[in-house]
2 protein chains.
Amino acid sequence: MSKPPARIRLADAAFALFDERGYEQTTVDDIAERAGLGRTTFFRHYRSKEEVIFPDHDRLLDLIRDRLATSSHSTALVTVSDAVRLVLLHYIEEGDLARRRYALTSKVAALRDREIASVARYQRLFREFIADWMGDPTESASLRAELMAANVVAAHNHVLRRWLRGESSDPVAELDEAMREVLALFATPGPLPEADGGTTVIAFRTGQDLDALLPSLRRLIEDDPQK
Amino acid sequence: MSKPPARIRLADAAFALFDERGYEQTTVDDIAERAGLGRTTFFRHYRSKEEVIFPDHDRLLDLIRDRLATSSHSTALVTVSDAVRLVLLHYIEEGDLARRRYALTSKVAALRDREIASVARYQRLFREFIADWMGDPTESASLRAELMAANVVAAHNHVLRRWLRGESSDPVAELDEAMREVLALFATPGPLPEADGGTTVIAFRTGQDLDALLPSLRRLIEDDPQK
DNA sequence: CACTGTGACGGTACTCAGTACCATCGGCGG
DNA sequence: CCGCCGATGGTACTGAGTACCGTCACAGTG
């Protein structure tokens, strides 16, 4: 029963005190004292009182940057949808800690704002990635990139919050489902694009399974004079 | 040329000093002194040093709440799209002040975070409004509300930032156009219209590959009420 | 063992945002 | 003239965050 490293003891002390007295009612001195350390040491490990609650965002951001740079799917949106899973998985790994943090951010406005700012950084990263990927400097493409990033993040947040509130037992599956929803939004074109090239699809409802229809659909596409 | 009210003098002094020395290098004492007022008076007019830059967010939020409560369009999304114009119009009214603020938020992380947190409040308001309007407590409806709110806000931010950067001469028209884009996203892919018997045919053209569409096609089929 | 560098820690003192409280001054109606 | 009141100013405090310096443990080296 020797001592865990200082960083851990500080975080434990902080969460314990936040639970007992609340965030604002806890001073950095209190935290350091309970951890059996000096105030200076606290700031050596955490840049601020808030950061003791969100220690991993920077690392996660780098992780996602890497993932975006390496993994490459068919579309930018799919790549980003995949990358955002890292965030969800990270929270899930934290388990109870993530839930305690959620309880805090629900009560303390300053912490909620901080969390939101962190999420906005993910969103910005996604937006830039999508815009680069599309390579289209058009205003309309730029807006589209913005919307896509916002959707991915919003869908993720939705699923994450459900899990944090204990409303979800299989958040990963829910995320996949939500991402399918987002993909579906953008799969069907917003304004009907200029019809030069691309794919024209006619969908109709029958008693048949979709798979049974695929061959004929493909045949139709291949019959397209432009292709 | 007597004295403008204290509140104005404080804001002028603050912006002048922020321009001269930067935000962090300016203390509240400096601001008060330049305005010819006491430090106490500053905090009587602005709750914090940051608030002198974003004085109107609370009022705007109330304004939007009212607008949502009164104006009623055909769908929740249209109502919200309409309400968000208030934000854009407010910034445009501020004119050069808004641009100076943008220059500051671009440089100072703390201010950027603050701005983002404010915007998140609008988004939350929109989400709740849409969710209430739909009245459908389903998980899927809840996600949809979240996505819609995120899209409206993202589209607005996109247009607003373009205007702030001087890239747009008619931001209101651009906002309308962007909102049409958002509406189009959600217009098509809802649950398929009542398909009790008969044949539902939907034709659309997309630039995407058929394979990219398959997930959404499958999803549409699985939305069949019989399931 | 003595020497020395190094990294983690503690303490002190400072700046500055934000709060609490009290004192002051200038109208303004009675 | 008096008393009320709203706006202001001053003073003192708490607490976050920073800068700087001193200390101690513990390595490796002679």
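I need the full set of residues from segment A:9-28 which are free of Cβ contacts under 8 Å to residues at least 40 places away in the same chain and more than 10 Å from DNA strand C (Cβ to nearest atom), in order please.
A:Asp12, A:Ala13, A:Ala14, A:Ala16, A:Leu17, A:Glu20, A:Arg21, A:Gln25, A:Thr26, A:Thr27, A:Val28
What number goes with the only condition from (1) away from DNA strand D (no atom under 13 Å from the Cβ); (2) more than 14 Å from the chain's Cα centre (by Cα); (3) under 19 Å from B:Ser118 (Cα atoms) that B:Gly22 does not pass?
Among (1) away from DNA strand D (no atom under 13 Å from the Cβ); (2) more than 14 Å from the chain's Cα centre (by Cα); (3) under 19 Å from B:Ser118 (Cα atoms), B:Gly22 violates only (3).
Can you tell me which of (1) more than 10 Å from chain A (Cβ to nearest Cβ); (2) modelled with pLDDT of 90 or more; (3) farther than 30 Å from B:Arg99 by Cβ is the one B:Lys227 doesn't meet?
(2)
Mind listing just one residue for me: the one in segment A:109-133 that is more than 9 Å from every other protein chain (Cβ to nearest Cβ) and touching a Ser or Thr at 6+ places or on another chain (Cβ under 8 Å) and, of those, modelled with the lowest pLDDT?
Only one residue fits best here, namely A:Trp133.
Got at least one residue in segment A:29-44 being touching an Asp or Glu at 6+ places or on another chain (Cβ under 7 Å), near DNA strand C (Cβ under 10 Å from one of its atoms) and farther than 30 Å from A:Val80 by Cα?
Yes, segment A:29-44 contains at least one residue that is touching an Asp or Glu at 6+ places or on another chain (Cβ under 7 Å), near DNA strand C (Cβ under 10 Å from one of its atoms) and farther than 30 Å from A:Val80 by Cα.
Here is a list: B:Ser142, B:Ser169. Which entry is more than 14 Å from the chain's Cα centre (by Cα), of a type in the set (Ser, Thr, Tyr) and more than 9 Å from chain A (Cβ to nearest Cβ)?
Testing whether each residue is more than 14 Å from the chain's Cα centre (by Cα), of a type in the set (Ser, Thr, Tyr) and more than 9 Å from chain A (Cβ to nearest Cβ) leaves just B:Ser169.
Looking only at segment B:25-57, count every residue that is away from chain A (no Cβ under 14 Å), within 13 Å of DNA strand D (Cβ to nearest atom) and not charged (D, E, K, R) and tell me the total.
15
Can you tell me which condition A:Leu88 does not meet? The list is (1) within 21 Å of A:Thr75 (Cβ to Cβ); (2) within 12 Å of chain B (Cβ to nearest Cβ), and all the others hold.
Every condition holds for A:Leu88 apart from (2).
The values are calculated or read from the model by the stated rules, or taken from the named source; none is laboratory data. Treat the numbers as computed from the prediction; the structure is a model and nothing was measured. Cβ atoms come from the backbone with ideal geometry, glycine included; neighbour counts cover every protein chain shown.
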